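Before any comments, here is the structure.
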Amino acid sequence: MSVTFDARSGIITLDTVATTYQMKLAETGHLLHLYYGRRIPGDDLTALIPRVDVSFAPDPYECRATRTFSLDVQPQEYPAANVGDFRVPALIAESADGVYGDDLRCVSHAVRPGKYALEGLPCADAGEEDCQTLAITLRDAATGLQVELLYGVYEKEDVITRAVKIVNGGDKDIVLHRASSAALDVPFGDWQLIHFQGRHAMERQMERVDLMHGIQSVGSTRGASSHHHNPFVILCGREAGEEQGECYGVMPVYSGSHRTDVELDQTGDVRLVTGIHPDMFRWTLKPGEAFTAPEVILTFTHEGMGALSRRYHRFLREHIIRGKWNHAARPVLLNNWEATYFDFNTGKILAIAEQAAALGADLLVLDDGWFGQRNDDNRALGDWFVNEEKLPGGLDALIKGVNGLGLKFGIWMEPEMVSEDSDLYRAHPDWALTVPGRKPTMGRNQLVLDMSRGDVRDYLYDTIAGLLRKHHIEYVKWDMNRNMTDVYSRALPADRQGELFHRYILGVYDLLERLTTDFPDVLWEGCSGGGGRFDAGMLRYHPQIWLSDDTDAIERLYIQHGSSFGYPVSAMGAHVSACPNHQTGRTVALGTRAVVAMSGTFGYELDPNALTDGEREQVKAQIARFKRWYDVIQNGDYYRLAAPGEGRFAAWQTVSADRGEALVSAVITHAAANLPGIHLRLRGLDPEARYEMDEMAMEGCQAIADAMYGQDAAAERPVYSGAALMYAGVTLPVMGGDYPAAQLHFTRVK
Ligand code: GLA
């Protein structure tokens, strides 16, 4: 049993294989949080929480005489405002009488096999055997507001999911101003915050900071999870590293505006509250109505950030990402965007496709520019009919040509947007988010469609489903290229406008749910100017998401490194593009570009006709190599060996589940003279087994000297024990030049 309740002590314990999460139902009815950490066998941890009289910490009425039970210092499961806890609240509600805050007391709890479902929101799935659900209902007697705290306990995966349903059980309206998904109080310890910040074309840069007293927040008010702050944070002990140390992972399954607040309070305790961003959020609950706050995926490990990441990778692949393409081999694609931008026609695309097929690619993706008058990015979004001037004979003629070459055909769309200069906008100006009487703020000279509207979603469903039914399209890149401003819906009354940010993303989920259900064979790749909506919510619909508009291999090292803390390789769209790189102007060897892109879904975004014969041979070999190693790359356990920027190289490794195969990749980011070769200790191998290094690719090197373990560089297929590779490590041959790379492939000797 992963959930146990002791009626006498009021202790509720959630056990997974390696962790314990404990709560206490206090005599007052308050639900306290006692512990989340390494597995503890059956103890009651009540004594952890001291009962002391802290000055200026107010007490619930019934504790006024003892003064030792203030909510301001007690760790809680779901703290509400205005009842004695001055730390950051999870819930702020206002009654029709103007009363702020809720005195939440427990009224019931229930344990069920299997996993709870959340209506209209993406969340992790589970078979009855995989998960137990705990539901705890709290209630505020004065207003009738009810809060149902939901816990999904994945015993084997060491994951606990949380979500919240808030019900108006009273007889008057209640307005929610803040409805977070979870609070996590961590009393004691010296914690640091790791978060993933960035900007367009530089997403998910890992940042590790000390906590200051007060509240530090990361989040987005952009209506999308954003390039700027990913909805994923780690709270880690100061001592934590890749291989050791305590870490909590907190990953909201949400793609809209979000915020995570981390407060270091007066007593040195930490509170983390995460969920929908409270700014401009105002949700009215009529009597009997319910509001559901998005799910959060929590995990804890004492084995460092590497273990934490691998746990998220597995969990997302098993319980979030779904559908045919989750575990199937994804196609190696060639996307025409950086090859042609808007300047293409059928002949040009077919010439690219012909080369792509000859090189061994599986899928040709036609990016932006195939529809309406879309000859630049100022117009035509919304006009999802083919531009016959560019593509005479329409999509079918092109698709036939592409399929005839043995390639699948995929297409780009940006369904949530509309250009002012489009037939769609001319017909339905009220479908865009704009404020009456005010000129809208433009982003990429386009507007955002009001996805909260059923008629907009129906129109988009019919349009996209129509295209997919009419043409043999096997892949869709779903883009979203601006953030939300002028957030006002003509379909909502004045007192409901505060719901629009969230209703927008619910609308996106609804449309994606319908389309992905009705077209299960299509491979959907998410995108938002690269990785502007790269989150667990979107991964429920898109098994892969274009990681970044920055295709520079060296910049990508940082982006992939940061992304790897939460997200699996199989989710990261990565392409080899032309050099000098279009975003940075940097030149990196073709081989190195491929080594980096192989740690993603792998594809090309360049004109293969512009390659030399020699480069074409290289690309052929790269694609063949990727396909040979597909399984260990996409499904293997991921180990970060050396972080980019910390030394003169970056290195990482994947190991197959049975530890029979491993691939090590390294890229030198800073050339230097008179240095020894790079030394790496491998991880995750079987120490007893012997591994043959059956392939070694050196890319972009000008000079190679020495070899591993002093053996001759030409020595074929050396064999080492797993113990030697992990404990002694390997020293790579010295590689010179700008950004050389190496890949070492190991197979266990039978
Ligand atoms: C976004 C995407 C790019 C490309 C362009 C097309 O920026 O991230 O990959 O599709 O749009 O306009």
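Highest mean packing first, where packing is the average number of other Cβ atoms within 10 Å per residue, the peptides 457-470, 229-242 line up as 229-242, 457-470. Of the solvent-accessible surface of the chain, computed with a 1.4 Å probe and all protein chains present, 50% belongs to carbon and sulfur. Using the beta-carbon distance between Arg67 and Lys156 and R0 = 51 Å, what value does 1/(1 + (r/R0)^6) give for FRET efficiency, to the nearest 0.05? Efficiency computed from Cβ-Cβ geometry: 0.70.
Here the label points at Ala141 and Ile40, each 7 Å from Cα along the C-beta direction, are separated by 3.1 nm in the simple model. Surface analysis of the stretch 501-605 yields an accessible area of 18 Å² per residue, using protein heavy atoms and a 1.4 Å probe. For the stretch 639-748, the solvent-accessible area works out to 43 Å² per residue, with a probe of 1.4 Å and every protein chain left in place. Residues Lys286, Lys477, sorted by accessible area with the largest first, give Lys286, Lys477 [1.4 Å probe; ligands and nucleic acids excluded]. Length gained on full extension, Arg238 to Ser108, computed as 0.36 nm times the residue gap minus the Cα-Cα distance: 43.0 nm.
With both labels modelled 7 Å from their Cα along Cα-to-Cβ, the Val719 to Glu617 distance reads 3.2 nm. Along its principal axes, the chain has C-alpha extents of 85, 68, 44 angstrom, given from the largest down. Which FRET efficiency value, to the nearest 0.05, do you get for Ser9 and Arg51 by plugging their Cβ-Cβ distance into 1/(1 + (r/R0)^6) with R0 = 22 Å? The calculated FRET efficiency here is 0.90.
Quick check on packing: order 416-427, 246-257 by the mean number of other C-beta atoms within 10 Å, highest mean leading. List each step's numbers first, then the result.
On the way: 416-427: 19.8, 246-257: 26.3.
Packing order, densest peptide first, comes out as 246-257, 416-427.
P(r) for the stretch 3-320, from all Cα pairs and a bin width of 20 Å, is 33, 61, 5 %, short bins first. For the chain, taking a cut-off of 4.7 Å between Cβ atoms, the unpaired cysteines are Cys63, Cys106, Cys123, Cys131, Cys527, Cys579, Cys701. One decimal place: the segment Asp376-His327 gains 14.0 nm when fully extended, by the rule 0.36 nm per residue minus the C-alpha distance. Extension gain for the segment Ala358 to Asp455, taken as residue separation times 0.36 nm less the Cα-Cα distance, is 30.5 nm to one decimal.
Here the Karplus relation 6.51 cos²θ - 1.76 cosθ + 1.60, evaluated at θ = phi - 60°, turns the backbone of the stretch 659-670 into coupling constants of 6, x, 9, 9, 10, 10, 10, 9, 10, 7, 9, 9 Hz, with x for every Gly and Pro. Of the peptides 175-184, 612-621, 574-583, the ranking by mean beta-carbon count within 10 Å, highest at the top, reads 175-184, 574-583, 612-621.
Amide H contacts of Ser181: Thr274, Gly275, Ile276, each under 5 Å away and 5 or more positions distant or on a separate chain (H built 1.01 Å from N in the peptide plane; Pro and chain starts excluded). Computed over the stretch 331-546, the P(r) curve from all C-alpha pair distances, binned at 5 Å from the origin, holds 1, 7, 15, 19, 20, 16, 11, 6, 3, 1, 1, 0 percent per bin. Computed with a 1.4 Å probe over protein heavy atoms only, the accessible surface of the stretch 86-136 comes to 44 Å² per residue. Normalised by residue number, the volume inside the convex hull of the Cα atoms of the stretch 50-125 is 169 Å³ per residue.
Applied to the stretch 206-222, the Karplus parametrisation 6.51 cos²θ - 1.76 cosθ + 1.60 on θ = phi - 60° returns per-residue 3J(HN,Hα) values of 5, 10, 10, 10, 5, 8, 9, 5, x, 10, 10, 10, 10, x, 9, 10, 8 Hz, with x for Gly and Pro.
Taken over the stretch 560-613, the ratio of Cα radius of gyration to 2.2 N^0.38 Å equals 1.21. Couplings 3J(HN,Hα) for the stretch 9-17, derived from phi with the Karplus relation 6.51 cos²θ - 1.76 cosθ + 1.60 (θ = phi - 60°), are 8, x, 8, 10, 10, 10, 10, 10, 3 Hz, where x marks Gly and Pro. Annotation: lysines with alpha-carbon distance below 20 angstrom to Lys324 (same-chain offsets under eight excluded): Lys408, Lys477, Lys627.
Label-to-label distance for Thr517 and Lys439 is 4.4 nm, based on points extended 7 Å past Cα in the beta-carbon direction.
Which FRET efficiency value, to the nearest 0.05, is calculated for Arg208 and Ala624 with the Förster distance at 35 angstrom and r the Cβ-Cβ distance?
0.35
Beyond 23 Å, the tail of the calculated P(r) for the stretch 1-129 holds 44 percent of the Cα pairs.
The values are calculated or read from the model by the stated rules, or taken from the named source; none is laboratory data. Just so it is clear, the structure is predicted and the values come from calculations on it, not from any experiment. Note that each Cβ is placed from the backbone with ideal geometry, even for glycine, and that neighbours are counted across all protein chains shown. Accessible surface areas use protein heavy atoms only, side chains included; no ligands, DNA or RNA. Shrake-Rupley method; radii C 1.70, N 1.55, O 1.52, S 1.80 Å.
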